[in-house]
Amino acid sequence: MNDGGAEYAKIGIGRSTVLVISASGNINNPGVYEIEMGITVDEFIFSDQYCGGITNGKRLKACVPGGSSVPILPDYLVCKTATGEDRLMTYESLSDGGFATGSMLGSGGFIVYDENQCIVRNTWNFSRFYHHESCGQCSPCREGTGWMEKVLHRLEKGMGNMGDMDLLVDVAKKIEGNTICPLGDAAAWPIAAAIRHFRHEFEYHVLHPEKVKDPKHGYREPIMPKAPSAVTA
Ligand code: SF4
């Protein structure tokens, strides 16, 4: 403020200047950081100045860069875009590729997942939150968040079927853009993205119910994302 708007605008890249971001999950230095935007996501996750890398030397599995409502990114799209560019901590770079291969910086709630975390369980947990928060004013959100939570719950508990993933995507599409406030979109996007990038993990829950009935299955049964060629819009 002392130096004026022109000086402030020199910070960062374009409209991405300074951001207060909260980093959590499987990282060595969880906390709230004020960053000059434009550093790479790789630097933010792995440098000691910020997140300090993945706990216990494990591999990065996924990242939700902007809070629970934004699309989750699998490991190969976290630090690089689909075209191989370094992913930057900017609004533009994190959304590069749209929802097919990108995400959003959203509210700056940066969550990191190591190789042992269960994406189905995480998605179910997000859906519980949005179902709980739905005020019930409009039908797609009131009913849809509840249906999605129920379907995700049965998948996570090893009681789902192979049609559940398409059912979830269908319900998410019917909520998206059809509600009074953005909570409907916020509930739909993370579920659609989790199935887009980790469908094989949802299928694993259907095919191996005896393994996923153990509530700690995510810790014992690493299920890694497929290669980048598996990405579909
Ligand atoms: S979308 Fe917003 S207004 Fe509609 S039910 Fe959900 S929380 Fe309420």
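Numbers at a glance
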item	result
Qualifying lysines (Cα of each under 26 Å from Cα of K211; at least 8 residues distant if same chain)	K58, K61, K150, K157, K226
D_trans [Stokes-Einstein, Kirkwood Rh over alpha-carbon pairs] for region 119-222, 20 °C, 1.002 mPa s, µm² s⁻¹	158
The chain, helix-only ellipticity at 222 nm - DSSP H runs n ≥ 4, -39,500 (n - 2.57), divided by all residues, nearest 500	-12000 deg cm²/dmol
Whole-number percent relative contact order across the chain, with pairs defined as alpha carbons under 8 Å at least 6 apart	19
Global form of region 5-114, assessed from the alpha-carbon gyration tensor, a/c cut-off 1.5	oblate
Loop-located trypsin sites (Lys or Arg not before Pro) in region 38-123 whose Cβ has at most 16 other Cβ within 10 Å (DSSP)	K58, R59
Potential extension, R128-V32 segment - 0.36 nm per residue separation minus Cα distance	32.1 nm
Packing-based exposure ordering (other Cβ within 10 Å, fewest first) of H132, H200	H132, H200
Residues M89, M159, M165, M148 arranged by fewest to most Cβ contacts within 10 Å	M159, M165, M148, M89
Ranked list, fewest to most other Cβ atoms within 10 Å of each Cβ, for Y50, Y33	Y33, Y50
Pairs of alpha carbons in the chain whose separation is greater than 29 Å (percent)	29
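Each value in this text was obtained by applying a stated rule to the coordinates, not by laboratory testing. Remember, predicted model here, so these are calculated numbers, not experimental data. Positions of Cβ are backbone-derived with ideal geometry, glycine not excepted, and every protein chain shown enters the neighbour counts.
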